[in-house]
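**Student:** My structure is below; once you've seen it, I'll send some questions.
Only the coordinates and a few stated rules stand behind these numbers; no lab work does. Nothing here was measured: the structure is a model prediction, and the numbers come from that model. Every residue, glycine as well, gets a Cβ built from its backbone with ideal geometry; the counts of neighbours run over all protein chains shown.
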Amino acid sequence: MRRTQIVAGNWKMNKTYQEGRDLVKAIVEKLQPSDNKVVLCTPFIHLNSVAASIKDISNLHLGAQNCHQEMRGAYTGEVSAAMLQSVGAEYVIIGHSERRKYFSESDELLAQKVKTVLGIGLLPIFCCGEELAIREEGTQNQLVKKQLEAALFGLEEEDFAKVVIAYEPVWAIGTGKTATPEQAQEMHAYIRALISEKYGEKRADLTTILYGGSAKPNNAKELFSQPDVDGGLIGGASLKADDFVAIVNSF
Ligand code: 13P
């Protein structure tokens, strides 16, 4: 069995309601049928309308960018996993570096979020990756190992099997400074080796590991052709239909 290849768009905090509708319409028009999955991770306010726009397209899926770790309750301004599911989301990004940095999300909190998301039947896209200082110091493997151990490796294999991992070096996010295909491959192979140690080689072979960080139409093909890179988590380039679809077509 070949592992699933995915291109996921992370819109971050971009697009008004109408702009979001226009973007999805353009993506739907341009996208060719394929076996690879495409996931649109939109702001909460778009989920309902995007779900309706993509419901007849089998390889297009819906995702959110965050959710709360508790199931419900007095958490003003927050959104629960059950709410996401109720509007048709299948995926949710957990542990994006922007959540870690600007909202102080810790490894412990992310472990809770992953459990909540899996408990309800949503699929986490779990982000890991190092800041520039760590890369310069050469300790990126230790950091990524710590992030995975803290939030994912406590899971039973049956649950871990539902997780998509996204390696996003923080120094490459929104900077135009993409990791080289070799740097991406090296880290993805390392992550796969860690999964193999923990859950066995078969599970490691089946785990989808995405690359994120300034992935664009002009570099996606080379990144995706690396043996351990199974697709991408795309920020800026997911906001333009032509660019996003070109990346989807880069396998
Ligand atoms: P950019 O593609 O804009 O660098 O963002 C990557 C990212 O953070 C996706 O989650």
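**Student:** In region 79-122, which chymotrypsin sites (Phe, Trp or Tyr not before Pro) are in a loop and have at most 13 other Cβ atoms within 10 Å, using DSSP for the loop call? If you can, show how the numbers build up before the last one.
**Tutor:** Values: sites: Tyr91, Tyr102, Phe103; in loops: Phe103.
Sparse-neighbourhood loop chymotrypsin sites (Phe, Trp or Tyr not before Pro): Phe103.
**Student:** Also: Enumerate the amide H contacts of Glu168 below 5 Å, restricted to partners 5 or more residues apart or on another chain; note that Pro and chain-start residues carry no placed amide H.
**Tutor:** The answer is Cys128, Gly129, Gly212.
**Student:** Figure the gain on full extension for Asn218 and Asp107 (residue separation times 0.36 nm, minus the Cα-Cα span) and round it to one decimal in nm.
**Tutor:** Gain in length upon complete extension: 36.6 nm.
**Student:** While we're looking at this one, here's another question. Beyond a 20 Å Cα-Cα separation, which of these cross-linked pairs lie in this structure: Lys37/Lys240; Lys30/Lys55; Lys115/Lys162?
**Tutor:** With Cα atoms farther than 20 Å apart: none of Lys37/Lys240; Lys30/Lys55; Lys115/Lys162.
**Student:** Using the alpha-carbon centroid of each, what span in Å lies between region 144-159 and region 34-112?
**Tutor:** Using only Cα atoms to place each centre, the spacing works out to 20 Å.
**Student:** Rounding to the nearest 20 debye, state how big the charge dipole of the chain is about its Cα centre with +1 on each Lys and Arg Cβ and -1 on each Asp and Glu Cβ.
**Tutor:** Values: 27 positive and 32 negative charges, 108 e Å.
It works out to roughly 520 debye.
**Student:** Is region 72-170 rounded, prolate or oblate when judged by the Cα gyration tensor, a ≥ b ≥ c being the square roots of its eigenvalues, rounded requiring a/c under 1.5 and prolate requiring a/b larger than b/c?
**Tutor:** Note, shape of region 72-170 comes out prolate.
**Student:** Report the gain in length on full extension from Lys198 to Arg3: 0.36 nm times residue separation, minus Cα-Cα distance, nm rounded to one decimal.
**Tutor:** So the chain would gain 68.4 nm between Lys198 and Arg3.
**Student:** In addition: Suppose a student asked you for the relative contact order of the chain, using Cα pairs under 8 Å spaced at least 6 residues apart; what percent would you report? Spell out each step's value before the answer.
**Tutor:** Details: 466 pairs, mean separation 53.5, N = 251.
It comes to 21 percent, rounded to a whole number.
**Student:** When only DSSP loop residues count, what trypsin sites (Lys or Arg not before Pro) in region 1-82 have their Cβ near at most 16 other Cβ atoms within 10 Å?
**Tutor:** Values: sites: Arg2, Arg3, Lys12, Lys15, Arg21, Lys25, Lys30, Lys37, Lys55, Arg72; in loops: Arg2, Arg3, Lys12, Lys15, Lys55, Arg72.
Passing both the DSSP loop test and the Cβ count: Arg2, Arg3, Lys55, Arg72.
**Student:** Another one. Taking the square root of 5 times each eigenvalue of the Cα gyration tensor, what semi-axes in Å does the equivalent ellipsoid of the chain have, largest first?
**Tutor:** Over the Cα atoms of the chain, the ellipsoid semi-axes are 25, 22, 18 Å.
**Student:** Taking amide H positions as placed 1.01 Å from N in the peptide plane, with prolines and chain starts having none, which residues 5 or more places from Ile93, or on another chain, fall under 5 Å of its amide H?
**Tutor:** Residues meeting the amide H criterion: Ala64, Gln65, Asn66, Ile125.
**Student:** I want the antiparallel fraction of DSSP beta bridges within the chain, as a percent rounded to 5. Provide the component values of the computation, followed by the final result.
**Tutor:** Values: 0 of 28 bridges.
Antiparallel bridges: around 0 percent, rounded to the nearest 5.
**Student:** A further question on this structure: Between the DSSP loop rule and a limit of at most 10 other Cβ atoms within 10 Å, which GluC sites (Glu not before Pro) in region 101-196 are left?
**Tutor:** Glu156
**Student:** Provide the FRET efficiency to the nearest 0.05 for the Ala52-Glu137 pair, computing r from the beta carbons and using R0 = 45 Å.
**Tutor:** Step by step, r from the Cβ atoms, then E = 0.40.
**Student:** Report the one residue of Gly138, Gly95, Gln69 whose Cα lies farthest in the direction of the positive end of the charge dipole of region 62-154 (charges on C-beta: Lys and Arg +1, Asp and Glu -1; origin at the Cα centre).
**Tutor:** Toward the positive end, the furthest listed residue is Gln69.
**Student:** Further, regarding this structure: Would you kindly derive the ³J(HN,Hα) couplings of region 173-179 from the backbone phi angles with the Karplus curve 6.51 cos²θ - 1.76 cosθ + 1.60 (θ = phi - 60°), listing them in order in whole Hz, with x for Gly and Pro?
**Tutor:** Values, residue by residue: 7, x, 9, x, 9, 5, 5 Hz.
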